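**Student:** Got a structure for you, written out below as structure tokens; questions coming shortly.
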Amino acid sequence: MNSTNPRRRFTRAAVAGLALTGLLTACGGSGDDDSSSKSSGPVTLPFWGWANGQETIVKMFNASHKDVQLKYTKVTDQLTMQKQLANAVKAKNAPCLLQNTAEYVTSWVSQGALADISEYVGSSKDKFLPGAWAGAQVQGKVYGVPTSAAPAFTIYRTDVFKKYGLEPPATWDDFIAAGKVLKKHGIHVTNYAGEDPSTLEVLAMQAGAHWYSIDGDSWKVDFQDAGSLKAAEVIQQVIDNDLNSKLSFADYAALQQNYDNGGTVTRQISTWQMGGMVNSFTKSFGQWALSPWPTYKGEAARTPAGTNQSANINLVTSQCKYKKQAAEAALWLSTDKGAVDSMANPETGSGVMPSLTDSAGYVDKAISEKLLGDNYEPAKKTVTDSLGTVTTDWTFGPDWTAMFTELQAQWGKVVAKQQKVTDLLAHMQEWTVADLKSRGISVKG
């Protein structure tokens with residue numbers, strides 16, 4: 001949401017036990033002849049990623065493994081990864097391992113770019129949080145190992161809320177009501193970047209929407225279900241009442257300064273985004289606190305699956321000659337205590353929450369005491385509690401990249417008040433069905 005930039009996005013759920021026929025244009029797999037089982041002597045596995053701290057854990061892996069070595073290449077960002085991987089797959093020189101986020105897994109499987117590594121890592125399922133593990137699957141087959149989880153919560157300015165007699169919003173109705181009070185004083189309750197439609201995605205996900213699902217041997221598309229319309233109503237109220245600032249992630253310094261100065265006073269974020277706040281702020285340290293992600297009125301806590309920020313996965317490509325070793329390396333990177341500690345620490349890694357079932361033990365490393373001040377200790381419980389409410393029933397479709405690009409263009413019009421959220425949903429329904437059909441993918445909707 002305003003919590004995320006469109007280059008980093010998050011978790012999907014597996015749809016188990018269904019045949020691939022008609023759903024994907026092609027299938028990734030481990031191949032008929034996995035030469036990894038026949039290899040003798042040291043092997044080198046190219047590994048592409050962009051997360052801070054990966055170089056360090058690659059060195060740790062190489063120091064502890066003499067028969068397998070990782071050759072790391074740092075890619076600029078998520079968007080660059082998509083372009084470089086597409087070119088590499090076409091040229092048949094894709095790396096063995098790559099970092100990606102869950103929304104792209106189905107698309108890459110449909111293009112035959114990823115290997116099914118279930119036989120190598122499937123028995124380790126119970127080591128990981130369900131929401132994180134689900135993101136590495138398509139049709140119940142495992143294509144990678146999750147590296148991070150996606151706790152989500154609200155961070156808000158305690159001084160501003162106290163000044164105007166406001167409590168942290170427990171529901172979206174509370175959120176809108178607080179926004180109306182703050183507006184009277186020239187303050188925005190949230191920020192909607194015109195290029196980032198993840199706000200709509202995560203609120204729809206939280207409301208139980210399913211933009212993509214599987215019906216028999218076809219994809220089903222529904223951007224106008226009850227959950228999507230519930231999310232649209234909340235967003236439309238925020239926009240109609242001018243409760244949001246409209247700062248772009250393109251001017252990151254100005255965006256962060258606005259939060260630091262109290263121009264916008266809440267964000268729905270995950271742990272890793274605190275690093276950007278700490279590195280950018282100069283005035284508001286100690287004046288922030290965490291509260292649970294707002295719920296829809298009368299509903300239990302339900303955190304969107306990853307709010308785009310975490311839920312990274314190390315995936316094995318179908319072109320890798322050493323799939324077994326690559327799968328085992330991916331598992332080591334996500335479970336070795338030294339590697340996990342290093343990545344969870346915002347000073348040595350990315351400040352992400354590990355994907356492991358016992359990841360609650362890393363909360364104190366992943367959140368900032370400098371940012372939260374006296375609110376640091378209570379914040380730990382907020383983060384830990386959110387790990388148990390992450391949705392696991394969201395599915396990303398096989399054309400997610402193309403769909404999201406179109407969604408971005410239409411979202412900008414919503415933020416600019418050139419169309420309603422419901423108009424956007426109607427457009428995306430028609431556009432996505434047509435796009436899937438143009439790709440030869442069976443679709444209903």
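To keep it simple, each residue is scored yes or no on (1) modelled with pLDDT of 95 or more; (2) polar (S, T, N, Q); (3) buried (at least 22 other Cβ atoms within 10 Å of the Cβ).
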position	(1), (2), (3)
11	no, yes, yes
62	yes, yes, no
84	no, yes, no
102	no, no, yes
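**Student:** If I ask for residues that are assigned to a helix (DSSP H, G or I) and of a type outside the set (A, V, I, L, M, F, W, C), which ones from region 263-279 would you list?
**Tutor:** Within region 263-279, the first condition is being assigned to a helix (DSSP H, G or I), and the residues that meet it are 273-279.
Within region 263-279, 273, 275, 276, 279 qualify.
**Student:** From 399, 393, grab the single residue that is within 16 Å of the chain's Cα centre (by Cα) and among the charged types (D, E, K, R).
**Tutor:** On the way: 399 fails: within 16 Å of the chain's Cα centre (by Cα).
From the options 399, 393, the qualifying one is 393.
**Student:** Only one residue in 315, 290 is touching a strand residue (DSSP E or B) at 6+ places or on another chain (Cβ under 6 Å), in a strand (DSSP E or B) and over 30 Å from residue 119 (Cβ atoms), so which one is that?
**Tutor:** 290
**Student:** Would you mind listing the helices (runs of 4 or more DSSP H) fully within region 330-400 where at least 2 residues are loosely packed, with under 15 Cβ neighbours inside 10 Å and modelled with pLDDT under 90? Even if it seems obvious, please write down each step before you answer.
**Tutor:** Numbers: elements: 337-344, 363-366, 369-372, 376-387.
Hits in region 330-400: none.
**Student:** Follow-up. Identify the residue in region 401-418 that is among the small types (Gly, Ala, Ser) and in a helix (DSSP H, G or I) and, among all such residues, is nearest to residue 152 (Cα to Cα).
**Tutor:** First pass over region 401-418, keeping only residues among the small types (Gly, Ala, Ser): 402, 409, 412, 416.
Then drop every residue that is not in a helix (DSSP H, G or I), which leaves 402, 409, 412.
Numbers: 402: 26, 409: 26, 412: 24 Å.
The residue in question is 412.
**Student:** Related question: In the set 94, 134, 152, which member is under 30 Å from residue 372 (Cα atoms) and of a type in the set (A, V, I, L, M, F, W, C)?
**Tutor:** The match here is 152.
A quick yes/no check of all residues on (1) modelled with pLDDT of 95 or more; (2) closer than 26 Å to residue 288 by Cβ; (3) among the acidic types (Asp, Glu):
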position	(1), (2), (3)
129	no, yes, no
136	no, no, no
152	no, yes, no
170	yes, yes, no
182	yes, yes, no
204	yes, no, no
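**Student:** Name the one entry in 228, 148, 213 that is in contact with a Leu (Cβ under 9 Å, 6 or more places away or on another chain) and touching a residue at least 40 places away in the same chain (Cβ under 8 Å).
**Tutor:** Result: 228 is the single residue among 228, 148, 213 that is in contact with a Leu (Cβ under 9 Å, 6 or more places away or on another chain) and touching a residue at least 40 places away in the same chain (Cβ under 8 Å).
**Student:** For region 402-421, indicate whether the set of residues that are over 21 Å from residue 203 (Cβ atoms) and at pLDDT below 95 is non-empty.
**Tutor:** yes
**Student:** Any residue in region 126-137 that is farther than 14 Å from residue 386 by Cβ and touching a residue at least 40 places away in the same chain (Cβ under 8 Å) sitting within a Cβ distance under 8 Å of a residue that is in a helix (DSSP H, G or I) and basic (Lys, Arg)? List the pairs, counting only those 6 or more apart or interchain.
**Tutor:** Correct list of pairs: 133/125.
**Student:** So, one more: Find the residue count for region 398-428, including only residues that are free of Cβ contacts under 8 Å to residues at least 12 places away in the same chain and closer than 10 Å to residue 195 by Cα. Reasoning before the result, please.
**Tutor:** At the first step, the residues of region 398-428 found to be free of Cβ contacts under 8 Å to residues at least 12 places away in the same chain are 405, 409, 413, 418-419, 423.
Narrowing the set further to residues that are closer than 10 Å to residue 195 by Cα leaves 405, 409, 413.
Residues meeting the conditions: 3.
The values are calculated or read from the model by the stated rules, or taken from the named source; none is laboratory data. The shown structure was predicted, so the numbers you read here are calculated from the model rather than taken from an experiment. All Cβ positions, even for glycine, are placed from backbone atoms using ideal geometry, and neighbour counts span all protein chains on display.
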